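Step one of this worksheet: look at the structure below.
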Amino acid sequence: MQKNHRHAMMVANWKMHKTGAEAAAFLARLRETGAVKPGGCFVVVAAPFPALAAAAEAAHGMDVGVAGQNLHWESEGAFTGEVSGAMLAAAGCTYVLVGHSERRHLFGETDEMVHKKVRAALAAGLTPIVCVGETEQQRAENETELILRYQFERAFWGTSAEDLLRCVLAYEPVWAIGTGNTATPAIAEGAHRFLRHCVLDIFGAEAAAGFTILYGGSIKPGNMRALLEQPDVDGGLVGGASLDADTFAALVRTANVS
Ligand code: 13P
């Protein structure tokens, strides 16, 4: 599917699930389903660090990108427990998640850190998948657009329009993550349209038309199609429903044809 030259994309975020062997088994099953095919949607799996090399090896030759779930902004140094963009690239990654709400809320990641990670990802030749989203309270207090604009602006501060098009944005309302409360298609479209308007405002019409914006938060095979039918929703970032290869394959098929 293409909207205004934008290719649909389906990203599995396994969070802290799957060993290397489990990642390889998932990809072997995904291959068997035949859901990933030339001309279909872009497919990416974001694996925990120790499973990345096995995932990249298993994905070889099957048009599936591999993503890290986080990176540090420095290229190397005394940063115990951290991983650089170059290390992710060497492990076979071409994408990396940046600023996921669990990183922001559970591990204190700030907008400034998100910004530095976006720069580091681009410098390492990775495509950052940058996550933004409001909390339930912020939505209740009518602050959604304020928060989205702020997170978007801070993440891509100083980025050129050309580099922006090497990035992907994911709208993940915090209240929809892991709760079963998927945003309605109208709510998702409202946020996506607003974010695309921010892109237009700062980076111009060409960037706005070409920029991929994914939705994430309690995606299931039963609700993906209605989300993808929205003009500004270009794909999905999937947590729980991405752990099973057949369920994820169903989501990939939905994005292939819608
Ligand atoms: P769930 O699909 O489990 O709600 O998680 C969404 C998410 O955080 C993907 O990054």
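Of note:
- Any hit, the range 213-224, residues being more than 14 Å from residue 168 (Cβ to Cβ), of a type in the set (S, T, N, Q), within 19 Å of the chain's Cα centre (by Cα) and in a helix (DSSP H, G or I): yes
- Qualifying residue in the range 175-183 (condition: open to solvent by 60 Å² or more (accessible area, probe 1.4 Å) and more than 11 Å from the ligand (Cβ to nearest atom)): no
- Yes/no for residue 211 being in contact with a Cys (Cβ under 9 Å, 6 or more places away or on another chain), more than 30 Å from residue 34 (Cα to Cα) and crowded, with 22+ Cβ neighbours inside 10 Å: no
- Screening residue 3 on (1) surrounded by fewer than 18 Cβ atoms within 10 Å (Cβ to Cβ); (2) over 19 Å from the mean Cα position of the chain (by Cα) shows it passes everything except condition (2).
- Residues of the range 14-24 classified as open to solvent by 10 Å² or more (accessible area, probe 1.4 Å) and either free of Cβ contacts under 8 Å to residues at least 12 places away in the same chain or within 16 Å of the ligand (Cβ to nearest atom) (or both), total: 4
- Qualifying positions in the range 42-74 - within 16 Å of the ligand (Cβ to nearest atom) and free of Cβ contacts under 8 Å to residues at least 24 places away in the same chain: none
- Screening residue 15 with (1) farther than 30 Å from residue 110 by Cβ; (2) in a loop (DSSP other than H, G, I, E, B) gives one miss only, at (1).
- Condition check for residue 241: open to solvent by less than 30 Å² (accessible area, probe 1.4 Å), without any contact (Cβ under 8 Å) to a residue 60 or more places away in the chain, in contact with an Asp or Glu (Cβ under 9 Å, 6 or more places away or on another chain) and in a helix (DSSP H, G or I): no
The values are calculated or read from the model by the stated rules, or taken from the named source; none is laboratory data. Since we're looking at a predicted model, the values are computed, not measured. Glycine gets a Cβ as well: all are built from the backbone with ideal geometry, and neighbour counts include every protein chain shown. Keep in mind that these areas ignore ligands, DNA and RNA; they rest on the heavy atoms of the full protein, side chains included. Shrake-Rupley method; radii C 1.70, N 1.55, O 1.52, S 1.80 Å.
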